[in-house]
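Single-structure report; data block below.
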Amino acid sequence: MNNRGNFGSRIGLVLATAGSAVGLGNIWRFPFTTGQNGGAAFIIIYIICILMLGLPGMISEFIIGRHAATNAVRAYGVISGKRVWRVVGVMGILCSTIILGFYSVVAGWCLQYLYASVAGQIKGDSSYVARYFTEFSSDIAMPVVWAMVFIIITHFVIVKGVRKGIEKASKLMMPTLFVLLLIIVAASCMLPNAISGIKFLFYPDFSKLSSNVMLEALGQAFFSLSLGTACLCTYSSYFSKRTNLVNAALQIALIDTLIAVLAGLMIFPAAFSVGVKPDAGPSLIFITLPNVFQQAFASMPLVGYVISILFYALLALAALTSTISMHEIGTAFFHEELKRPRRHAAWIVTITAIMIAIVSSLSCGAYPQLTVFGMSMMDFFDFLTANILLPAGALLTCIYVGWVVPRSTVMTEFTNRHTVCIRLFPAFLFMVRFVCPICITLVFLHQFGIV
C-alpha cells in the first residue's frame, strides 16, 4: 500500500524493533531462568543460541515483511502466491493479541507496585509482602482496572502511527529504560557481598551444563526475541529498502542480550547480598525482590525507597515496549484488510485485548473456577501462545523462507540487492532450512517433556 507508514530514522527503527523484543522476558524471566540453570554457563549457551536460532529467525521475518511491505497475513500469501500460507500470519495475529491481553495483566501488576512503591505501601516482613500480592491479585476490580489502563496507554501510542507513535515512543522509552537499569545495577553492585552475585553471573561452572540447560537456553533465546508472533514481520514492513537486514538483526540481538545480562547484574548482587537464592522463579518480581530491596538497603531506607520506584518503573516501561509491538500486528491487519481508519482498527485490537485481560485477571484470584483443561485462563493463554502458537509460527516461517520463497527473492532481500553480506547468504540459508527447524522442534518437544 502506498500510504503505509515507515520508520523515519535508522536509530528509530532499531530502538522500536529492539523494544518489541525487550520486555518482562528480559527483566524477569531471563534472571530467574539463569539462576535455575547455573548462571554464567547458561548465559554462554544462551548467546550461542541467539546466534544459531535468533539471528536467522529474525532475518527470516525481516525478509518476509520488507519484501511484501504489508501486514503479516497478506505478506505470507503475497510472496508465495499461495493463500494457504496466510494462516501463518493469522496465527501471529491471534498469538500477539492473546499475549497482549494476558501480558497486560502482569504489566498492570507492575503499575500497581509502582504506585504502591511511591506511596510507601510495600513495607513489612516477607509474610506481609506475600500477603499483599495475594490480596491484590485476588481482588475483583483493581487488577482489571490496571490492566485496562495499560492497554489504553498502548492504544494511544498505536493510533498515532509508525513515526509519531511507535518510533517517537521508542526513542523516548528505550534510552530511559537503559538509564534506569544502569542506576539500579550500580546501586545493586555496591551492596555488601555483591561480588558473589557478580561471580555467579560471569564465572561459568560448566559442570552444571546438561541437555536440559541447553534446551532451556534455546527456549529463552526463542521467546526473548519474539520469534513466531509476526511482530518482526510487521515492523520490518516499515523498513526502508536501504536497511541492512543483517546489521539491524545484529544490533537488535545485541541490545536485547545486553539488557537481559544487565537485568541479571541488577538482581543477583542484591539477592546474594541478603542470602536469597537466585532461582526464585515467577514470584521473583512481586514477592522476592521487594524483600530483597528492603533487606539490602535497610541501613539506607531512602535509597531502598527510590530503587523500588525505579525498578517498577523499569518493568512498566519494558512491558510497554512489548505491548506496543503486540498491538501493532493486529492493528496493521485490520487497518489494511478492512480498509478502516487506523484508530478504528486499533479499537478492534484494544477491545479484544481488554476482554482477554478481564478473563485472565479474574481467573487468577477472584474467580479461580474460570479454567480450561484444568488450567486458569491466564495459564491456558500462556500455554497456548508459548507452547503451541509461538513455536509453530517460528517453525513455519523457517520452512517458508527456506523452502517456499524463491531462493532469488530471499537472496535479494538478505544481500540488499547483492550489495552486502553476499558470502554469508549460503550459511544463512543452511541455518534456516535445517538447523533452525530442528532447534525449534527440540524446544517444542522439550516443553511437553518429550526430550
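Points worth noting:
- Highest to lowest packing among 142-153, 221-232, 11-22, scored as the average C-beta count within 10 Å: 221-232, 11-22, 142-153
- Around the Cα centre of the chain, unit charges on the Cβ atoms of Lys, Arg, Asp and Glu (plus for the first two, minus for the last two) sum to a dipole of about 1660 debye.
- Between the residues Val78, Phe7, Ile63, the greatest Cα displacement towards the positive end of the dipole of the range 1-112, with unit charges on the Cβ of Lys, Arg, Asp and Glu, is found for Val78.
- Trypsin sites (Lys or Arg not before Pro) restricted to the range 296-368 and DSSP loop, no more than 10 other C-beta within 10 Å: Lys339
- Distance between the C-alpha centres of the range 243-269 and the range 271-325: 20 Å, rounded to the whole angstrom.
- With the charge dipole of the chain set up from +1 on Lys and Arg Cβ and -1 on Asp and Glu Cβ about the Cα centre, the Cα lying farthest toward the positive end among the listed residues Tyr312, Ala194, Leu218 is that of Leu218.
- Fraction of the pair-distance distribution of the chain above 30 Å, Cα-Cα pairs, percent: 42
- Once C-alpha pairs closer than 8 Å and six or more residues apart are averaged by separation and normalised to the residue number of the chain, the relative contact order reads 33 percent.
- 10 Å-binned pair-distance histogram of the range 231-309 (Cα, whole percent): 16, 34, 19, 18, 13, 1
- The spacing between the range 59-113 and the range 350-392, judged by their C-alpha centroids, is 18 Å.
- Computed FRET value (nearest 0.05) for Leu445 with Tyr367, which takes r as the C-beta separation and R₀ as 41 Å: 0.75
- Per-residue packing, averaged as other Cβ atoms within 10 Å, sorts the ranges 127-135, 389-397 into the order 389-397, 127-135, beginning with the highest.
- The range 221-358, Cα convex hull volume normalised per residue, Å³: 154
- Counting lysine pairs in the chain that sit 8 or more residues apart in sequence, or on different chains, and whose Cα atoms lie under 18 Å apart gives 6.
- Plainly put, the range 129-274 has a radius of gyration that is 1.03 times its Kirkwood radius, both from alpha-carbon atoms, as the Rg/Rh ratio.
- Taking the average, over residues, of other Cβ atoms within 10 Å as the packing measure, peptides 67-78, 241-252, 422-433 rank 67-78, 241-252, 422-433 from highest down.
- Helix-only [θ]222 nm of the chain, DSSP H runs n ≥ 4, -39500 (n - 2.57) each, per residue, nearest 500: -22000 deg cm²/dmol
Throughout, read-outs are computed from the coordinates displayed, never taken from laboratory work. Keep in mind that this is a model prediction, so the values were computed, not measured. Cβ coordinates were reconstructed from backbone atoms using ideal geometry, including for glycine residues, and neighbour counts include every protein chain displayed.
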